[in-house]
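Structure first, commentary second.
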Amino acid sequence: MRRGGRERRPLPMTGAAGEDVQGQERRLPPLRLGPVDLALLLEGDAVPDESYWHLGVAARLPGPPPGREVVRELLAQAADRLPALTYRPAGRGARARWEPDPDFDAARHLTYQRVLPGEHVEQAVLDGLRHPLPRDRPLWSLLVLHGHADGEHVVCYRAHHAFQGGAGAATVFRSLPMSRRLPPPAPSQPPPLLRTAAGLLPAVPELLRLLAPRARWHDGRTPGGHGRWMRTVRLDGGPFRRLAAATGATVAQINLAVLSGALRAWSPHLWSGPGGGRRRGLTIWLPVGRGEAGRPGPGSRTGLIAVTLPCAEPSPLGRLRAVMEQAHQERAERVRERQALADHVPHLWMRAARHVGRRAVRNRVVATMLQAPATTPVNALDTFPVPVLPDGVPLAAAFLDLGRAVTVSLVARTSLPRAEQLPPLLEQALEELAGHV
């Protein structure tokens with residue numbers, strides 16, 4: 001590739017198995033960049049700060065950060081074992097595609113950043129996301145943050161949402177220190193247009209639920225501006241196990257019931273009192289991963305489910321039962337199967353859907369559920385997810401199931417009133433729910 005009139009020679013790199021990455025690149029096929037991923041790239045271009053569309057997983061680790069060359073070698077080995085990490089976007093419109101980067105260099109995907117002593121880890125991660133992800137390279141990087149506290153550092157894997165969904169990012173983060181090789185991305189042929197259209201018809205009712213009227217759930221106007229705030233809370237796994245044994249609920253269902261309880265306690269005047277019990281619930285958007293297990297991209301591979309949080313229900317167990325009726329495995333599987341065809345619709349259709357979706361998501365909550373018990377490094381002090389914050393969304397919540405605990409990351413616009421009160425209310429809501437079984 002020529003840049004500035006000079007020939008750039010690729011750096012030879014070998015992975016754990018001694019395989020040359022550029023040799024591997026010559027054997028990897030280009031892949032179709034579907035209309036969903038293209039829409040996510042365009043959404044990133046449409047906002048002042050593209051990092052709002054970056055997601056990832058971060059861990060606080062003890063001790064000083066390892067040397068840059070050690071981490072660069074780790075990333076080079078990871079790219080050898082996870083070929084999807086070498087793909088970059090290319091082309092436009094119907095010719096858009098993912099293709100192997102012939103100049104792939106792991107060092108260009110590594111950022112070290114010293115942060116101010118005493119700075120919140122979560123804020124340091126958000127600030128680190130602002131390092132750009134150039135479009136002529138694969139859309140991911142590893143951030144190593146240090147200086148905020150003595151005796152620890154933070155490692156964060158982040159990617160553009162068009163490149164990976166939350167489950168894909170968690171898979172990569174888990175695989176970085178391992179020796180397991182994951183299969184390369186496989187090309188797929190889009191079905192004929194008429195078959196795609198016919199296959200999408202059963203998905204229409206589910207998609208229409210995403211357009212459900214918004215309930216008033218906070219005291220402010222539709223929060224605007226581009227300031228972000230993130231805090232995390234760690235929920236002990238014991239109550240989840242007791243609740244699952246007593247009710248048959250999954251961790252994700254308990255998470256949604258806890259979120260319902262926290263939002264109810266956060267603004268009780270909106271959900272109780274005269275007329276409050278008759279109000280409709282709060283319809284949120286819940287992403288559902290559509291990716292094949294063990295193939296972390298490229299591509300977001302994410303579907304959407306609308307779930308109405310029963311914030312007006314005064315009983316904690318009543319809230320859990322209402323969530324269980326909506327968010328269950330059978331429904332998720334239907335969404336995965338039917339919305340997968342969205343990757344093959346004409347780009348003109350997706351352009352129209354993008355504009356509808358941008359309006360429909362305004363002033364909603366987006367909640368993400370990640371199941372990754374093996375994601376946490378053995379010596380991690382804490383591990384937490386980093387969700388995207390789409391334009392017009394006041395609050396995003398990401399729940400990472402680590403087995404022995406669930407970590408919750410709340411990302412809110414700074415214009416959302418009293419957002420700092422929400423993290424402890426999640427803990428209280430879990431205690432209240434567990435106290436009823």
Note on the range 223-237: residues farther than 19 Å from V388 by Cα and either buried (at least 19 other Cβ atoms within 10 Å of the Cβ) or free of Cβ contacts under 8 Å to residues at least 12 places away in the same chain (or both) are L235
Subset of the range 394-406, residues of a type in the set (A, V, I, L, M), out of contact with any Ser or Thr (no Cβ under 6 Å at 6 or more places or on another chain) and at pLDDT 95 or above, comes to L395, A396, A397, V406
Can you confirm whether A419 is of a type outside the set (V, I, T) and buried (at least 23 other Cβ atoms within 10 Å of the Cβ)?
no
Of those in the range 95-146 that are assigned to a loop (DSSP other than H, G, I, E, B) and of a type in the set (G, A, S), the residue surrounded by the fewest Cβ atoms within 10 Å (Cβ to Cβ) is G118
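Results for (1) in a helix (DSSP H, G or I); (2) β-branched (V, I, T); (3) in contact with a helix residue (DSSP H, G or I) (Cβ under 9 Å, 6 or more places away or on another chain), shown as yes or no for each residue.
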{"position": "L38", "(1), (2), (3)": "yes, no, yes"}
{"position": "L41", "(1), (2), (3)": "yes, no, yes"}
{"position": "D45", "(1), (2), (3)": "yes, no, no"}
{"position": "P48", "(1), (2), (3)": "no, no, no"}
{"position": "R60", "(1), (2), (3)": "no, no, yes"}
{"position": "P66", "(1), (2), (3)": "no, no, yes"}
{"position": "V70", "(1), (2), (3)": "yes, yes, no"}
{"position": "L75", "(1), (2), (3)": "yes, no, yes"}
{"position": "A79", "(1), (2), (3)": "yes, no, yes"}
Open item on the list: Looking for something among the hydrophobic types (A, V, I, L, M, F, W, C), more than 17 Å from the chain's Cα centre (by Cα) and within 19 Å of H54 (Cα to Cα) - is there at least one such residue anywhere in the range 119-129?
Closed with: yes
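So that you can scan it fast, the table gives a plain yes or no per residue for (1) assigned by TED's automatic domain parsing to the domain that holds A398; (2) within 26 Å of R234 (Cβ to Cβ); (3) in contact with a strand residue (DSSP E or B) (Cβ under 7 Å, 6 or more places away or on another chain); (4) of a type in the set (A, V, I, L, M):
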position	(1), (2), (3), (4)
G56	no, yes, yes, no
P64	no, yes, yes, no
P83	no, no, no, no
R97	no, no, yes, no
R108	no, no, no, no
G147	no, yes, yes, no
D150	no, yes, no, no
H153	no, yes, yes, no
- [ ] Output yes when any residue across the range 299-310 is among the charged types (D, E, K, R), more than 27 Å from W271 (Cβ to Cβ), assigned to a loop (DSSP other than H, G, I, E, B) and within 18 Å of the chain's Cα centre (by Cα), and no when none is.
- [x] yes
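Residue check: is A332 within 18 Å of the chain's Cα centre (by Cα) and surrounded by fewer than 19 Cβ atoms within 10 Å (Cβ to Cβ)?
yes
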Expected output for the range 375-396 (first residue within 22 Å of S51 (Cβ to Cβ), partner acidic (D, E) and crowded, with 20+ Cβ neighbours inside 10 Å, Cβ below 8 Å, 6+ apart or cross-chain) is F384/E122; P390/E43; D391/E43
Counting only residues in the range 396-425 that are of a type in the set (V, I, T) and touching a helix residue (DSSP H, G or I) at 6+ places or on another chain (Cβ under 9 Å), the one farthest from R234 (Cα to Cα) is identified as V411
Picking from D236, D219, the residue that is in the same structural domain as Q428 (by TED's automatic domain parsing), charged (D, E, K, R), modelled with pLDDT of 85 or more and more than 19 Å from A59 (Cβ to Cβ) would be D219
Looking at the range 94-108, can you tell me whether even one residue there is among the aromatic types (F, W, Y) and touching a Leu at 6+ places or on another chain (Cβ under 7 Å)? yes
If we keep only residues of the range 319-335 that are among the small types (G, A, S) and assigned to a helix (DSSP H, G or I), then the residue nearest to E432 (Cα to Cα) is A322
>> When you check G56 against the structure, is it closer than 20 Å to R158 by Cβ and buried (at least 23 other Cβ atoms within 10 Å of the Cβ), yes or no?
In response: yes
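The values are calculated or read from the model by the stated rules, or taken from the named source; none is laboratory data. The model shown is predicted, which means the values in this text are computed figures rather than measured ones. Positions of Cβ are generated from backbone atoms using ideal geometry, with glycine treated the same way; all protein chains shown enter the neighbour counts.
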